[in-house]
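**Student:** This is the structure I have questions about; it appears just below.
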Amino acid sequence: METIFERGKSRGKYFQPGDEIPKGSKLGDYLPETLLRKGAIGLPQLSELEVMRHYKALSDRNFCIEKGFYPLGSCTMKYNPKVNELLASLEGFANLHPMQSDEDSQGALELMYNLQEKLKYITGMDAITLQPAAGAHGELTGMMIIKKYFEIKGETNRKKVIVPDSAHGTNPASAKMCGFDIVEVKSNSKGQVDIEALKSLIDADVAAIMMTNPNTLGIFEENVLEISDLMHKNGSLLYYDGANFNAVMGWTNPALMGFDVVHLNLHKTFATPHGGGGPGAGPVGVVEKLKDFLPSPVIEKQEGKCEGGKYIRSYNVKHSIGKVRSFYGNFGVLVRAYAYILMMGNDLKLASADAVLNANYIKEKLKGVYELPYEEPCMHEFVLSGEKQHQQGVSTLGIAKRLMDLNYHPPTVYFPLIVHEAIMIEPTESESREVLDDFIETMLKIAKEIEENPEEVLKSPQTTPIKKVDETLAARHPDLTYKN
Ligand SMILES: *Cc1c(COP(=O)(O)O)cnc(C)c1O
């Protein structure tokens, strides 16, 4: 597709004053020679309608939840209610400047305070920061808190962080960025942390374990209480990657499971739009003893100052790790998440139940045709293996591309790493029985196509703007620049 510059070019040059800035002219006297424009800048000449069409055509190429089923495992592509957009764009929220005083920002601060309270309730944690801008950023924040906690305690020997082999790649990366050494613990045949293997890794140098529960196989770690006991007896902490929280909202929480630090992905579980790089929000919750380490400022409520209390940004955090983001977080995302939580109320629990039901429904219908490496009942997502189809000539990547031709966003593929040819499916609670049935039928149809005519499947994708690419060539000779 042509860029907007190419499209408008054919109509000849468009000039505006200052296109050419000769030396000796007013502006030319101030600018160094090298910065002076030598010719017209060549802006496209298009009407407003043509510009609209151009950008609409571009956006049509994007796949989104409003266009079709988006079962991208681990990413929780649920429906984001549009009323949230309306609320986030209210003038008082959208036009508030972050440098305005507490007095001028009471509404926004109250919202942030209330959101902190809701997230405390939902996670069981004692304090929350809303600053981190994403899940991985939350992980980094959490690990910085854990590091400083041990520094203040004088236990600087605690340099190791244990991470299960099924973990999201951001977990070891975040711990490593904080200077920890990563120790991997194996999963057992049930897809859960192998307790005996874990015991053999625990020693006086272990600072923490990072886990998500349910884990990235979509399986609930049934020994989580034993694990937290083992870690705490060793003086270590437990970090909860809350990206999979859509499975357990209202049914259990990380505090009940024995975790000390948790991050949530508001842009996954709490229905704020994501994909394409943000913005997101990854609030971090901590237990009482870690409260003094949170990033500053924290949003506090001072009772008795005025009617209803006064909300302030407090920089009075004793061992604060400091700021982790400019200003106070992605405020627009916080508004959307708060609206979603208020709208759902106790139905958050129902959302998790439906998410789990939907995942189990698809799993039961697809197992047998696709390999199911772990037979455990799943939570909000599950992982198949495309090993059988791979042997018939089409790898998981080929299945993903065939799905694109049939108007589905592909599931997450090749993750978690411990499953060969992994296909990770997360339907979320947003979808109807009919949508799930259509998807199941499509997956079964693709398996049949692979059995009968794998060559044909390998031609996909054919309906997308970019057709099948030569991956070997792309890897060997990447063309990274846009040329006119
Ligand atoms: C998405 C995800 C993350 C990272 O969250 P971002 O907001 O993308 O940084 C971490 N862990 C798990 C399990 C995830 O699914």
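The values are calculated or read from the model by the stated rules, or taken from the named source; none is laboratory data. Since the model is a prediction, treat every value here as computed from it, not as a measurement. So basically every Cβ, Gly included, is an ideal-geometry build from the backbone, and we count neighbours across all protein chains shown.
**Student:** Can you run down the residue pairs with Cβ atoms below 6 Å, 6 or more apart or on separate chains, where the first is in region 196-210 and assigned by TED's automatic domain parsing to the domain that holds Arg158 and under 17 Å from Leu225 (Cβ atoms) and the partner is modelled with pLDDT of 95 or more and surrounded by fewer than 22 Cβ atoms within 10 Å (Cβ to Cβ)?
**Tutor:** As it stands, the answer is Ile202/Asn234, since those pairs meet every condition given.
**Student:** All but one of (1) assigned by TED's automatic domain parsing to the domain that holds Val284; (2) closer than 21 Å to Leu348 by Cβ hold for Ser74; which doesn't?
**Tutor:** Checking Ser74 against (1) assigned by TED's automatic domain parsing to the domain that holds Val284; (2) closer than 21 Å to Leu348 by Cβ, the one that fails is (1).
**Student:** Follow-up question, since we're still on this one. Report, by residue number, each residue of region 214-250 that is of a type in the set (Asp, Glu) and within 17 Å of the chain's Cα centre (by Cα).
**Tutor:** Passing the criteria: only Asp241.
**Student:** Within region 408-484, considering only helices (runs of 4 or more DSSP H) that don't extend past its boundaries, which have at least 3 residues that are surrounded by 11 or more Cβ atoms within 10 Å (Cβ to Cβ), at positive phi and free of Cβ contacts under 8 Å to residues at least 12 places away in the same chain?
**Tutor:** Numbers: elements: 433-452, 454-457, 471-476.
Helices (runs of 4 or more DSSP H) meeting the threshold: none at all.
**Student:** From (1) under 22 Å from the mean Cα position of the chain (by Cα); (2) over 25 Å from Thr170 (Cα atoms); (3) modelled with pLDDT of 95 or more, pick out the condition that doesn't hold for Pro132.
**Tutor:** So Pro132 meets the others, but not (2).
**Student:** Please identify the pairs in which a residue from region 133-157 that is in contact (Cβ under 8 Å) with a residue 12 or more places away in the chain has its Cβ atom under 6 Å from the Cβ atom of a residue that is among the basic types (Lys, Arg), counting only partners at least 6 apart or on another chain.
**Tutor:** Ala133/Arg325; Phe150/Arg158
**Student:** Looking at (1) within 16 Å of the ligand (Cβ to nearest atom); (2) exposed (fewer than 12 other Cβ atoms within 10 Å of the Cβ), which is the one condition that is false for Glu66?
**Tutor:** (1)
**Student:** Can you spot a residue in region 86-103 that is touching a Lys or Arg at 6+ places or on another chain (Cβ under 9 Å) and either closer than 29 Å to Ala351 by Cα or within 16 Å of the ligand (Cβ to nearest atom) (or both)?
**Tutor:** Looking through region 86-103, at least one residue is touching a Lys or Arg at 6+ places or on another chain (Cβ under 9 Å) and either closer than 29 Å to Ala351 by Cα or within 16 Å of the ligand (Cβ to nearest atom) (or both).
**Student:** Just give me the residues in region 173-186 being buried (at least 20 other Cβ atoms within 10 Å of the Cβ) and of a type outside the set (A, V, I, L, M, F, W, C), in sequence order.
**Tutor:** Across region 173-186, the qualifying residue is only Ser174.
**Student:** Now for a separate question. What number goes with the only condition from (1) outside any strand (DSSP E or B); (2) outside the structural domain of Glu434 (by TED's automatic domain parsing) that Lys388 does not pass?
**Tutor:** Going through the list (1) outside any strand (DSSP E or B); (2) outside the structural domain of Glu434 (by TED's automatic domain parsing), Lys388 breaks only (2).
**Student:** If I ask for residues that are more than 20 Å from Met112 (Cβ to Cβ) and either part of a helix (DSSP H, G or I) or not β-branched (Val, Ile, Thr) (or both), which ones from region 275-289 would you list?
**Tutor:** Across region 275-289, the qualifying residues are Gly275, Gly276, Gly277, Glu288, Lys289.
**Student:** From the list Leu109, Leu90, which residue is aliphatic (A, V, I, L, M), more than 22 Å from the chain's Cα centre (by Cα) and more than 24 Å from Leu290 (Cβ to Cβ)? Before the answer, list the steps.
**Tutor:** Values: Leu109 fails: more than 24 Å from Leu290 (Cβ to Cβ).
So the residue among Leu109, Leu90 that is aliphatic (A, V, I, L, M), more than 22 Å from the chain's Cα centre (by Cα) and more than 24 Å from Leu290 (Cβ to Cβ) is Leu90.
**Student:** State all residues of region 273-330 that are out of contact with any strand residue (DSSP E or B) (no Cβ under 8 Å at 6 or more places or on another chain), farther than 22 Å from Ser101 by Cβ and either at pLDDT below 95 or among the charged types (D, E, K, R) (or both); if no residue qualifies, say none.
**Tutor:** Passing the criteria: Pro273, His274, Gly275, Gly276, Gly277, Gly278, Pro279, Gly280, Lys289, Asp292, Lys318.
**Student:** Could you list all residues from region 112-163 that are within 23 Å of Trp251 (Cβ to Cβ), in contact with a Ser or Thr (Cβ under 9 Å, 6 or more places away or on another chain) and within 16 Å of the ligand (Cβ to nearest atom)?
**Tutor:** Across region 112-163, the qualifying residues are Gly135, Gly138, Gly142.
**Student:** Given the residues Ala127, Ala108, which is the only one that is small (Gly, Ala, Ser), crowded, with 16+ Cβ neighbours inside 10 Å, closer than 22 Å to Gly332 by Cβ and at pLDDT 95 or above? Before the answer, list the steps.
**Tutor:** Numbers: Ala127 fails: closer than 22 Å to Gly332 by Cβ.
Exactly one residue qualifies, and that residue is Ala108.
**Student:** Exactly one condition in (1) farther than 14 Å from Gly235 by Cα; (2) away from the ligand (no atom under 16 Å from the Cβ); (3) among the basic types (Lys, Arg) is not met by Lys176; state its number.
**Tutor:** Evaluating Lys176 over (1) farther than 14 Å from Gly235 by Cα; (2) away from the ligand (no atom under 16 Å from the Cβ); (3) among the basic types (Lys, Arg) leaves (2) as the failure.
The rows are residues; the columns are (1) assigned to a helix (DSSP H, G or I); (2) of a type in the set (Gly, Ala, Ser).
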| site | (1), (2) |
| --- | --- |
| Asp292 | yes, no |
| Lys305 | no, no |
| Ile321 | no, no |
| Val333 | yes, no |
| Ala339 | yes, yes |
| Ser352 | yes, yes |
| Val356 | yes, no |
| Tyr361 | yes, no |
